[in-house]
Amino acid sequence: MTDSRTTGYDLVNIETGEKTIFLRENEECGSEKIGKFTICPDGLSVGIAVLHSLAMKGNRVVIIDEVGFLELQDKGWAESVRDLLQKRSNHILLTVRDKFVNDVKVKFNIQEATIFNISETDWQDAGRIILGNFKGLS
C-alpha cells in the first residue's frame, strides 16, 4: 500500500508464513495484466505449487482468496481449484467477487455451496457456520 492506496498483492502461504510478490501496479515483473496490476509469474508459480501440494497432501481445509476473472479464463488457480474440488473430503473456502459467483459455480460445477455476502452477513455468524461445517474433521 502507498498512502492508503493498494499498489499490489502478495501471496501468503498461511501454513508457513512465506510471502511472495504476486500482483504489482506500475511494476514490470511480467507481461500479463489483470486490471491495473501486472501478474508476477514467480508469484503465480509459487501459488500453483502451494495449492498443488495441498491437494496432494490431502489437506482437509483449503482457503483460496480470491477466485474469479483469471480462473474463469482457465488461468490463475483454475487447475488447482478443479483438483481440490474433485477430492470430496476437502472443505474448500473460496472468496469470489459478487459479480463472478454464479460464473465460478458453473465453471467449476459447484453444486453444494454455502455463500456469504460479506456486506449482508455478520462475520461472527459466518464464522460459526463455517466452523459448524468443519465438525468431524480430524
- Quick one: how many residues across segment 42-81 are of a type outside the set (A, V, I, L, M, F, W, C), under 12 Å from the mean Cα position of the chain (by Cα) and more than 21 Å from residue 31 (Cβ to Cβ)? 3
- Query: What single numbered condition from (1) within 23 Å of residue 9 (Cβ to Cβ); (2) open to solvent by less than 40 Å² (accessible area, probe 1.4 Å) fails to hold for residue 123?
  - Reply: (2)
- Task: Report whether or not residue 95 is within 21 Å of residue 59 (Cα to Cα) and within 15 Å of the chain's Cα centre (by Cα).
- Result: yes
- A careful count of residues in segment 13-25 that are outside any loop (DSSP other than H, G, I, E, B) and over 15 Å from residue 48 (Cα atoms) gives 2
- Query: Out of the residues in segment 62-74 that are farther than 20 Å from residue 14 by Cα and in contact (Cβ under 8 Å) with a residue 12 or more places away in the chain, which is most open to solvent (accessible area, probe 1.4 Å)?
  - Reply: 69
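Here is a yes/no grid of residues against (1) modelled with pLDDT under 95; (2) polar (S, T, N, Q):
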{"residue": "10", "(1), (2)": "yes, no"}
{"residue": "17", "(1), (2)": "yes, no"}
{"residue": "31", "(1), (2)": "yes, yes"}
{"residue": "34", "(1), (2)": "yes, no"}
{"residue": "38", "(1), (2)": "yes, yes"}
{"residue": "41", "(1), (2)": "yes, no"}
{"residue": "67", "(1), (2)": "no, no"}
- Could you tell me which of the residues 59, 102, 117, 90 is polar (S, T, N, Q) and open to solvent by 50 Å² or more (accessible area, probe 1.4 Å)? 102
- Item | Matching residues, segment 43-54, being surrounded by fewer than 19 Cβ atoms within 10 Å (Cβ to Cβ) and at pLDDT below 90 | 52, 53
- What about residue 10, is it within 17 Å of the chain's Cα centre (by Cα) and outside any helix (DSSP H, G or I)? yes
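The values are calculated or read from the model by the stated rules, or taken from the named source; none is laboratory data. Not measured: the values here are computed from a predicted model. Here the Cβ is made from the backbone with ideal geometry for all residues, glycine too, and neighbour counts use every protein chain on show. Ligands, DNA and RNA are excluded from the accessible area calculation, which covers all protein heavy atoms including side chains. Shrake-Rupley method; radii C 1.70, N 1.55, O 1.52, S 1.80 Å.
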